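The values are calculated or read from the model by the stated rules, or taken from the named source; none is laboratory data. Everything quoted here is computed from the prediction, not taken from an experiment. Counting neighbours? That spans all protein chains shown, and the Cβs are built from the backbone with ideal geometry, glycine included.
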Amino acid sequence: MCWMRLPAGGLQLYLVVMRTNLQLRELATPLAFASYLAWFAVWFSDSHLLGVSPGGAWLADVFMITFLVSWLWFLVTEDRTADWILNVQLMLLAIGALGLISLGRSGSSPILLVLLVSQFATRFPRLQTISLFVLINLVFLALMLFRWNLSPYTAMISLAAYGAFQLFALLVLCYADEAESMANELRLVNADLVATRSLLGESARDQERLRLSRELHDVAGHKLTALRMNLRALKARPELEGSRELNQSDELAAELLDDLRAVVRQLRKGDGLSLEEGFRALALPMANLGLDVDIEPAVRVQRVEQAEVLLSVVQEGLTNAARHGRARKAWLRLRRIDDALVLELDDDGQLDWPIEEGMGLNGMRERLEGLDGGLELAPSEHGGLRISARLPLDPQP
């Protein structure tokens with residue numbers, strides 16, 4: 001790829017540009033356009049610049065601009081920023097919506113609460129989402145009673161009407177988030193199956209090469225050796241001594257035996273499993289995460305158990321990079337160093353170092369140590385996490 005030829009500074013600039021393009025695409029989704037229409041409806045109804053602000057104050061425009069800027073900021077960074085920044089964004093959205101409502105009675109300003117509440121479903125756990133939903137509407141009820149001067153009956157009717165719209169948006173986003181989570185799980189399971197199928201195919205091909213090399217060595221090699229011994233016995237007979245045809249046959253048999261041994265050696269050099277296809281299959285379900293694979297040509301995994309462990313390490317590493325680190329790019333390298341296989345997986349996600357190892361990383365370490373290997377974690381030069389897995393090679397016969 002062309003980026004591999006860029007200097008370090010050029011590579012970093014390239015990654016920043018690509019990430020910015022991906023973030024800007026979030027502003028052009030159908031749901032984003034629907035939210036813009038809702039905001040503009042409120043703007044035309046309550047803008048002080050248009051002379052229709054419920055309180056007749058310039059604060060109406062300030063609150064609406066605050067809400068719009070925070071909303072755009074939220075859309076482009078929702079899955080790629082720290083939790084405290086997301087909390088600040090949601091707080092600014094709440095200030096913009098409730099601040100506009102506090103200026104006076106309006107039939108459109110509570111629309112902003114629908115947009116605000118809809119984001120709770122994908123941002124917070126269920127209990128916290130319900131608590132925030134109740135809190136926002138209690139504040140809304142208080143504003144209707146003491147700022148809009150509505151009667152309790154009218155305020156409760158309005159709360160029920162606007163709350164129903166909020167609840168509908170909340171449930172739609174909640175179900176959509178659950179459906180997306182299930183789809184992601186299914187894609188991960190399918191990627192695991194594809195990688196396993198690739199591993200089984202490689203294992204079958206490896207076993208077939210090994211069987212063929214043994215057949216050539218044990219059967220054809222044995223018979224050629226016996227043929228040479230018979231030819232030498234014939235050459236020892238006085239009546240056949242000096243026979244040109246017999247000497248040529250002996251030389252041809254010797255050359256054929258050498259060629260056969262060379263073929264067997266070549267087949268045995270190919271013993272082992274290639275994991276590139278399996279590695280790439282694991283990254284397929286992660287649409288927002290690109291994977292670059294670099295495997296030394298001569299590197300092949302000798303045992304199925306080792307291949308399974310390496311695949312599981314890559315799967316867990318990619319999942320963590322996409323889900324927790326919010327990475328956009330990952331780099332995988334598989335090399336042979338001395339008498340060991342070394343796999344390195346880097347990503348450009350977010351990293352709070354030192355990290356607290358969870359069940360996934362602990363499981364990684366245990367599987368590697370079960371094969372006399374090891375796991376090392378370190379900050380990556382790309383900004384995320386570097387996972388280094390090491391597995392010893394079997395001694396060559």
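List of remarks:
- Subset tally (residues that are over 10 Å from residue 391 (Cβ atoms) and buried (at least 19 other Cβ atoms within 10 Å of the Cβ)) for the stretch 290-306: 2
- Residue in the stretch 349-357 that is within 24 Å of residue 284 (Cβ to Cβ), modelled with pLDDT under 85 and surrounded by 22 or more Cβ atoms within 10 Å (Cβ to Cβ) present: yes
- Applying a threshold of 8 Å to beta carbon distances and a minimum spacing of six or more residues, or different chains, the list of pairs starting in the stretch 313-340 at a residue that is within 14 Å of residue 388 (Cβ to Cβ) and ending at one that is crowded, with 20+ Cβ neighbours inside 10 Å and β-branched (Val, Ile, Thr) reads 313/387; 317/387; 332/314.
- Qualifying residue in the stretch 372-393 (condition: buried (at least 16 other Cβ atoms within 10 Å of the Cβ), more than 23 Å from residue 276 (Cβ to Cβ) and at pLDDT below 85): yes
- Filtered by the rule that a residue be surrounded by 13 or more Cβ atoms within 10 Å (Cβ to Cβ) and in a helix (DSSP H, G or I), the stretch 143-153 gives 143, 144, 145.
- Filter result for residue 135 (outside any loop (DSSP other than H, G, I, E, B), crowded, with 16+ Cβ neighbours inside 10 Å and assigned by TED's automatic domain parsing to the domain that holds residue 99): no
- In the set (1) part of a helix (DSSP H, G or I); (2) at pLDDT 80 or above; (3) buried (at least 21 other Cβ atoms within 10 Å of the Cβ), residue 343 fails one condition alone, (1).
- Which numbered condition residue 89 fails, given (1) crowded, with 17+ Cβ neighbours inside 10 Å; (2) of a type in the set (S, T, N, Q); (3) under 17 Å from residue 166 (Cβ atoms): (3)
- In the stretch 25-48, the residues that are small (Gly, Ala, Ser) form Cβ pairs under 7 Å with partners that are outside any helix (DSSP H, G or I) and surrounded by 17 or more Cβ atoms within 10 Å (Cβ to Cβ), at six or more places apart or across chains, as follows: 45/106; 47/53.
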